[in-house]
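The values are calculated or read from the model by the stated rules, or taken from the named source; none is laboratory data. The model shown is predicted, which means the values in this text are computed figures rather than measured ones. Counting neighbours? That spans all protein chains shown, and the Cβs are built from the backbone with ideal geometry, glycine included. Each accessible area value is taken on the protein alone, full model and side chains, heavy atoms only, with ligands, DNA and RNA left out. Shrake-Rupley method; radii C 1.70, N 1.55, O 1.52, S 1.80 Å.
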Amino acid sequence: MSWFKRDNGDYDSGSEPPDGGDRRVRTEGLWTKCPNCRAVIFNAELEANLNVCPKCQYHFKIGARQRIDLLLEPGYELVDGGLRSTDPLNFTDVKPYKQRLRRAQEETGLNDAIINAVGQLGPRPVVVSAMEYAFIGGSMGAVVGETIARAVDRARLDRKPLIIIAASGGARMMEGVVSLMQLAKISTALAQLDDARVPYICVLTDPTTGGVTASFAMLGDLNIAEPGALIGFAGPRVIEQTIRQKLPEGFQRSEFLLDKGFLDAVVPRRDLKKYLVRALDFLTP
């Protein structure tokens, strides 16, 4: 049976490719399996559907740049960039915090887990602040807090509605109390925005947890979420271990929170821009 075996793993199809290159058909990166319904989706189809599963409507995570592209008209301006996190505690766990920062910056092309933009949402000028979950879990350190605070101040001074797109695991533990102080700083700026009677809408995406939920993510004039988004302070496993009870189905998902009165609406991604334009018609004098 030696004729049947190929020690080098090369199974000849009987002809060489014209350029003498690799004969293997590569399908890597062409398909994505939905974690909800397990359907295998062609990536081009998934992207055309705004990264929403066409079978079960599961909303995949998308980046901050994509969020802004979906909402704002072409020609928007990125602002408040240039800030970079430092390592005030010289923090090290499994690896040094400086190394985590450097790797996240290389992988995302961002200085930190936030992007601010000014542009048009339909007919209205707005300020948008979008969080990037791929950057250390979208955690909120000093740079994220300062950048969002600048977005709030810009919206107040220019009297433009503010939209924050939250996607975060919470405060960044590597910066200790410095990260926790961002909750108070942003909340104070939002109180001033409210006194100025400038609308603020928060869009909560999967996941929005920890100190972000405990601060600006729940302070909007409207708090809306994408379908199936995980929203909470502590995780379900921690809560179950604390209260020693089994949590109900769908606990901390956006539909559950809407039913309990924590959210104003759950809006599919394809309808989000239209919904925000309509909401600002009511909120803006």
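With the requirement that a residue be open to solvent by 60 Å² or more (accessible area, probe 1.4 Å) and either touching a residue at least 24 places away in the same chain (Cβ under 8 Å) or touching a Ser or Thr at 6+ places or on another chain (Cβ under 6 Å) (or both), what does region 94-123 give you?
R100, E107, Q120, P123
Residues being touching a Gly at 6+ places or on another chain (Cβ under 8 Å) and of a type in the set (V, I, T): count how many of those fall in region 145-196.
3
Of the residues T209, T284, which is open to solvent by 10 Å² or more (accessible area, probe 1.4 Å), closer than 22 Å to G63 by Cβ and among the hydroxyl-bearing types (S, T, Y)?
Working: T284 fails: closer than 22 Å to G63 by Cβ.
From the options T209, T284, the qualifying one is T209.
Kindly list, by first and then second residue, each pair from a residue in region 231-254 that is within 17 Å of D206 (Cβ to Cβ) to a residue that is modelled with pLDDT under 90, limited to pairs with Cβ atoms under 9 Å and residues at least 6 apart or on different chains.
F251/P236; Q252/G235; Q252/P236
Out of I114, I68, I41, which single residue is of a type in the set (V, I, T), touching a strand residue (DSSP E or B) at 6+ places or on another chain (Cβ under 6 Å) and more than 21 Å from A167 (Cα to Cα)? First the steps, then the outcome.
Numbers: I114 fails: more than 21 Å from A167 (Cα to Cα); I68 fails: more than 21 Å from A167 (Cα to Cα).
Step by step, each of I114, I68, I41 is checked, and only I41 is of a type in the set (V, I, T), touching a strand residue (DSSP E or B) at 6+ places or on another chain (Cβ under 6 Å) and more than 21 Å from A167 (Cα to Cα).
State the number of residues belonging to region 120-144 that are in contact with a strand residue (DSSP E or B) (Cβ under 9 Å, 6 or more places away or on another chain) and at positive phi.
2
Hey, any hits in region 65-78 for a residue that's among the basic types (K, R), open to solvent by 40 Å² or more (accessible area, probe 1.4 Å) and modelled with pLDDT under 95? Explain how you work it out, then say what you get.
Initial filter on region 65-78 (among the basic types (K, R)): 65, 67.
Next, from what is left, pick out any that are open to solvent by 40 Å² or more (accessible area, probe 1.4 Å): 65.
Checking which are modelled with pLDDT under 95 leaves us with none.
No, there is no match, as no residue in region 65-78 is among the basic types (K, R), open to solvent by 40 Å² or more (accessible area, probe 1.4 Å) and modelled with pLDDT under 95.
Hey, K246 hits all of (1) in a loop (DSSP other than H, G, I, E, B); (2) touching a strand residue (DSSP E or B) at 6+ places or on another chain (Cβ under 6 Å) but one; which does it fall short on?
Of the numbered conditions (1) in a loop (DSSP other than H, G, I, E, B); (2) touching a strand residue (DSSP E or B) at 6+ places or on another chain (Cβ under 6 Å), the odd one out for K246 is (2).
Select from region 54-113 the residues that are hydroxyl-bearing (S, T, Y), over 16 Å from G137 (Cβ atoms) and assigned to a loop (DSSP other than H, G, I, E, B) and list them in ascending order.
Here is the first cut: in region 54-113, the ones hydroxyl-bearing (S, T, Y) are 58, 76, 85-86, 92, 97, 108.
Those left that are additionally over 16 Å from G137 (Cβ atoms): 58, 76, 86, 92.
Residues satisfying the conditions are Y58, Y76, T86.
Can you go through A214, A184 and tell me which one is surrounded by fewer than 21 Cβ atoms within 10 Å (Cβ to Cβ) and more than 21 Å from the chain's Cα centre (by Cα)? Before the answer, list the steps.
Working: A214 fails: more than 21 Å from the chain's Cα centre (by Cα).
Result: A184 is the single residue among A214, A184 that is surrounded by fewer than 21 Cβ atoms within 10 Å (Cβ to Cβ) and more than 21 Å from the chain's Cα centre (by Cα).
Which of the residues that make up region 124-148 are open to solvent by 20 Å² or more (accessible area, probe 1.4 Å) and over 18 Å from I68 (Cβ atoms)?
Within region 124-148, I136, G137, A142, E146 qualify.
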